[in-house]
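*Asks:* Structure below; questions to follow.
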Amino acid sequence: MAEKKSQGVKWLPFILILVIAAGLWQLTPPSGLSAPAWHSAIIFVATGIPRLFLSIIFVATIASIVAKVLPIGAVGIIGITVFALAYAAGDKTASGAITTALSELNSSLIWLIVVAFMIARGFIKTGLGRRIALQMIRLLGKRTLGLAYGLAFADLILSPAMPSNTARCGGVIYPIADSLARSFDSHPEDESRSKIGTFLITCIGNVNDVTAALFMTGYTGNLLAVKLAANAGVTLSWGSWFIAALLPCLVSFLIVPLLVYWLTRPEIKHTPDAPDLARKELAQMGSMTRGEWLMLATVGVLLVLWIFGSSLGVDATTASFVGLSILLLSGVLTWEDVKSEKGAWDTLIWFAALLMMANQLKKLGFTSWFGNLIGDSIGSTMHGTSWIIILLLLNAAYFYTHYFFASGNAQIAALYASGNAQIAALLSVSLIRRSF
């Protein structure tokens, strides 16, 4: 297979961002904002984050992510570099500046995300994820709508232990849905896609967003929101997230396949052959292997520790390391598997960069300044307006700004970190991001 061509630098947007950031750097900070905070925010937005300096850096970082100047991990490296060179947090020494720039690399929450990525690899390597999906099709696949619910339930089962919703859907669910569609002579490149393919692919894509919102560990952006909320003094546990998300996600989970079915109107309504196809695939896979049983047991241990960890004295990140250690000791995963999990290491770099900048914005006062500015503006223009209307408007604003962000995580970092606690709470950032 040909090696994928690496992405080069998009120089035009990169230069434009640098010019704009340099211009903002020279401006007098707004009233109530220090120079370090302003500059930090500029770096943050330019890369995709001290008060005036930091705000400039923040803005430049986010802008680079939106413009896809480089892969997001590379943007994170550049953001950390500029932050340290600019003494953006107001440090007095060079060693202090780089220490601040790298401060979030020891964040337990970031390591929870990284290790969870590695654990999720076990679902694909052992074939357990595929087996679960095929079992759901065998049980529910006699009708087209049942087929969609079968794939949806498979996604639901996998989601608590697979924080990469892209890997979950793209690596496990999509290949099965695509194979099923083609078995009914429904192909994406011609009009036959309307037979069943359009319905199945549209459905699994939207259901994947719902399952990502249900569990704190179902999507990396959820964990980012939890960390940013913790910086604002709000603590969310795995269980409290699940309880808060349960009702809206359950309703969405049940309604989405029905709504997509009504909108796409697949030509094939009955799929009596689908369960037989699933049985044949399962027969080819044979009985559950040792690796699958170990993977299943590890996930069970993880869920117990994540749910009851506070009572047992086990931190969520420690629990994830327990799970990864079990998989390594049992041979389900090898160290080569861990090293080759590129998404995990990529996440480590750019999450550390964005969280560091977001945390420095808060420490230097930019967050409270910007939050008060927005709060005063809303208060003066919408005085007397029902809180429900304000909530709906904020939700709509957050939802539609996603068009400017290729990455949901970047959107969460940008909009959550730069707003005040009240707006962040109303937005319910990650839940809104994934539930629509």
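The values are calculated or read from the model by the stated rules, or taken from the named source; none is laboratory data. Predicted model, so just to flag it, every value in this text is computed and none were measured. Positions of Cβ are backbone-derived with ideal geometry, glycine not excepted, and every protein chain shown enters the neighbour counts.
*Asks:* Just for the stretch 232-255: of the residues that are at pLDDT 90 or above and over 20 Å from the mean Cα position of the chain (by Cα), which one is nearest to Phe153 (Cα to Cα)?
*Replies:* My answer is Leu254.
*Asks:* Continuing with the same structure: Here is a list of conditions, (1) surrounded by 24 or more Cβ atoms within 10 Å (Cβ to Cβ); (2) at pLDDT below 90; (3) more than 20 Å from Ala116 (Cβ to Cβ); (4) not aromatic (Phe, Trp, Tyr), and Leu224 meets all of them except one; can you say which number that is?
*Replies:* (3)
*Asks:* Considering only the stretch 294-329, how many residues are surrounded by fewer than 16 Cβ atoms within 10 Å (Cβ to Cβ) and either on the phi > 0 side of the Ramachandran plot or of a type in the set (Gly, Ala, Ser) (or both)?
*Replies:* Residues flagged as surrounded by fewer than 16 Cβ atoms within 10 Å (Cβ to Cβ) and either on the phi > 0 side of the Ramachandran plot or of a type in the set (Gly, Ala, Ser) (or both) within the stretch 294-329 amount to 6.
*Asks:* Here is a follow-up. Return the pair list, or none, for Cβ contacts closer than 7 Å from residues in the stretch 332-343 that are part of a loop (DSSP other than H, G, I, E, B) to residues that are among the small types (Gly, Ala, Ser), at least 6 apart or on different chains.
*Replies:* Val332/Gly122; Val332/Gly291; Leu333/Gly122
*Asks:* Please identify the pairs in which a residue from the stretch 244-268 that is within 12 Å of Tyr149 (Cβ to Cβ) has its Cβ atom under 9 Å from the Cβ atom of a residue that is charged (D, E, K, R) and surrounded by 12 or more Cβ atoms within 10 Å (Cβ to Cβ), counting only partners at least 6 apart or on another chain.
*Replies:* Filtered contacts from the stretch 244-268: Val256/Asp209.
*Asks:* Report those helices (runs of 4 or more DSSP H) wholly inside the stretch 57-153 carrying at least 2 residues which are within 19 Å of the chain's Cα centre (by Cα) and of a type outside the set (Asp, Glu).
*Replies:* Answer list for the stretch 57-153: 72-85, 108-126.
*Asks:* Then there's this: Restricting attention to the stretch 223-262, which residues are of a type in the set (Gly, Ala, Ser) and part of a loop (DSSP other than H, G, I, E, B)?
*Replies:* Passing the criteria: Ala232, Gly233, Ser237.
*Asks:* Moving on. Taking the options Leu373, Leu393, name whichever one is of a type in the set (A, V, I, L, M), assigned to a helix (DSSP H, G or I) and at pLDDT 70 or above.
*Replies:* Testing whether each residue is of a type in the set (A, V, I, L, M), assigned to a helix (DSSP H, G or I) and at pLDDT 70 or above leaves just Leu393.
*Asks:* Okay, next question. Could you grab me the full set of residues in the stretch 313-366 that are among the aromatic types (Phe, Trp, Tyr), within 30 Å of Gly300 (Cβ to Cβ) and over 17 Å from the mean Cα position of the chain (by Cα)? Steps first, answer last, please.
*Replies:* Taking the stretch 313-366 first, the residues among the aromatic types (Phe, Trp, Tyr) are 321, 335, 345, 350-351, 366.
Now narrow it down to the ones that are within 30 Å of Gly300 (Cβ to Cβ): 321, 335, 345, 351.
Listed by number, the residues that qualify are Phe321, Trp335.
*Asks:* Quick check on my filter: what residues within the stretch 263-312 are over 19 Å from Ile157 (Cα atoms), of a type in the set (Gly, Ala, Ser) and part of a helix (DSSP H, G or I)?
*Replies:* Ala274, Ala283, Gly309, Ser310, Ser311
*Asks:* Which of the residues spanning the stretch 141-174 are under 12 Å from Pro257 (Cβ atoms) and not aliphatic (A, V, I, L, M)?
*Replies:* Listed by number, the residues that qualify are Arg143, Thr144, Gly146, Tyr149, Gly150, Phe153, Asp155.
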